[in-house]
Amino acid sequence: MTKRLAKSIASRGKLRHSAISAAAVNAAREETPGKVRRRLALLAQRDFKNFYAGYVTSLLGTAMSRIALIFAVLDNGRSATQLGYVLAASVLPQVLVMLGGGVLADRIGRRLVMLTTDASRLAVQGMLAAALFLGSPPLWLFLLLSGLLSIGDGFFTPALGGLRAEIAPPDRLPDANALLSVAESATSVIGPALAGVLVALSNPAVVFALDAATYGVSVVALASLTIPAAGLPVQSPWRDFADSWRQFKAQTWLWVTTMQYALFNLFTWAPYLLLGPVLARAYLGGAWPTSLLGFAAGYAALSSAVVLAVPAIRSTTWRNPSPAPTCAATTGSHSENY
């Protein structure tokens, strides 16, 4: 039954990526050949190239493991309620530690924080893979390891935001952000489909082992960066935390957007993540064509974005492009971390 579920869910991750593909098309329409070459030229810089290779590899593993976690829990005979507990454990710790993670990264260095969290997440995913290979892990182990992984995400994410400014010149930050966005969009489409195929052919443990290996690649890439050590702190961490919170509240667009994402994740995305796999397991038989269709949907989304973007990239005389249709207007957006 798990294999059938893996094949059917592989296509479900594509619904949320239609907005990403449409945004990619609209952004590409405003690109010129010179801008494209300028963005890609950033990959010639050693630090950014090494970081980018490790980060993309890690992103792919993360996108795969999110789907594998659902299959692993259901495959071990857990109920929908227990799956909900595991999914909550994979989100709530990150939210609780994220602000503190940013303060810590500013004080001891962003690369050090990212190295530590990636090494920790490598160990966590390796432990989960080993537990699944050996038998049926208890629910508490799923909860514990999901919580530890979420804590790592909470420290890594704010450090990543600051590291961009350390590995890319100030005038190249838009290019760095664009390249990172492309990587995030592509892996979020390919990862779930690939995870569905791997789970159908083998079991979720294989996906977790691969995810652990991708964290290893990221650790090597981060270790190769040549970044100056962090300076000595000028005030207490509590003062840093208070300043960060004050800045957050002062930016109306930021806290409003944060609330929007929080409410969407709570009332829309979380129920979908929970009930989607459960209903698919109960009512969708699934078959190889279903799994292949899911992979084809992701491939088609990326291919169509590229095909539609080529005329715009080649032409510098595009006038008033009409926006590509997007489901974001009706469905909103959501966090990439469940």
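The values are calculated or read from the model by the stated rules, or taken from the named source; none is laboratory data. What you are looking at is a predicted structure, and each value in this text was computed from that prediction instead of being measured. In this analysis, Cβ positions are derived from the backbone assuming ideal geometry, glycine residues included, and neighbour counts consider all displayed protein chains.
Of the residues that make up the stretch 126-141, is at least one crowded, with 18+ Cβ neighbours inside 10 Å and within 27 Å of Thr258 (Cβ to Cβ)?
Scanning the stretch 126-141, I find no residue that is crowded, with 18+ Cβ neighbours inside 10 Å and within 27 Å of Thr258 (Cβ to Cβ), so the answer is no.
Within the set of pairs 6 or more residues apart or between chains, which connect a residue that is over 16 Å from Gly101 (Cα atoms) inside the stretch 237-263 to a residue that is surrounded by 11 or more Cβ atoms within 10 Å (Cβ to Cβ) with Cβ atoms less than 6 Å apart?
Tyr261/Ser335
So, in the stretch 132-189, how many residues would count as being without any contact (Cβ under 8 Å) to a residue 40 or more places away in the chain, over 19 Å from Leu87 (Cβ atoms) and in contact with a helix residue (DSSP H, G or I) (Cβ under 6 Å, 6 or more places away or on another chain)?
Of the residues in the stretch 132-189, 1 are without any contact (Cβ under 8 Å) to a residue 40 or more places away in the chain, over 19 Å from Leu87 (Cβ atoms) and in contact with a helix residue (DSSP H, G or I) (Cβ under 6 Å, 6 or more places away or on another chain).
Name the residue that is surrounded by the fewest Cβ atoms within 10 Å (Cβ to Cβ), counting only residues in the stretch 198-207 that are part of a helix (DSSP H, G or I) and among the small types (Gly, Ala, Ser).
So the residue we want is Ala205.
Would the stretch 245-265 turn up any residue that is at pLDDT below 70, polar (S, T, N, Q) and over 22 Å from the mean Cα position of the chain (by Cα)?
no
Consider the stretch 248-263. How many of its residues are of a type in the set (Gly, Ala, Ser) and exposed (fewer than 11 other Cβ atoms within 10 Å of the Cβ)?
Of the residues in that region, 1 qualify.
Being touching a Lys or Arg at 6+ places or on another chain (Cβ under 7 Å), within 29 Å of Leu128 (Cα to Cα), assigned to a helix (DSSP H, G or I) and at pLDDT 80 or above is true for just one of Leu210, Leu194, Leu180, Leu222. Which residue is that?
After ruling out the rest, the residue left standing is Leu222.
Go through the stretch 78-109 and give me each residue that's within 24 Å of Val219 (Cβ to Cβ) and without any contact (Cβ under 8 Å) to a residue 60 or more places away in the chain.
Val97, Gly101, Ala105
I'd like to check something: does the stretch 61-77 contain any residue that is farther than 17 Å from Leu210 by Cα, among the acidic types (Asp, Glu) and either without any contact (Cβ under 8 Å) to a residue 24 or more places away in the chain or crowded, with 20+ Cβ neighbours inside 10 Å (or both)?
yes
Report, by residue number, each residue of the stretch 159-177 that is assigned to a helix (DSSP H, G or I) and farther than 19 Å from Met114 by Cα.
Of everything in the stretch 159-177, those that are assigned to a helix (DSSP H, G or I) and farther than 19 Å from Met114 by Cα turn out to be Pro170, Asp171, Arg172, Leu173, Pro174, Asp175.
Counting just the residues of the stretch 279-292 that are in a helix (DSSP H, G or I) and surrounded by fewer than 17 Cβ atoms within 10 Å (Cβ to Cβ), which one comes out modelled with the highest pLDDT?
Leu279
For the subset of the stretch 168-177 comprising residues that are at pLDDT below 80 and not charged (D, E, K, R), which member is surrounded by the most Cβ atoms within 10 Å (Cβ to Cβ)?
Checking each candidate, the answer is Pro169.
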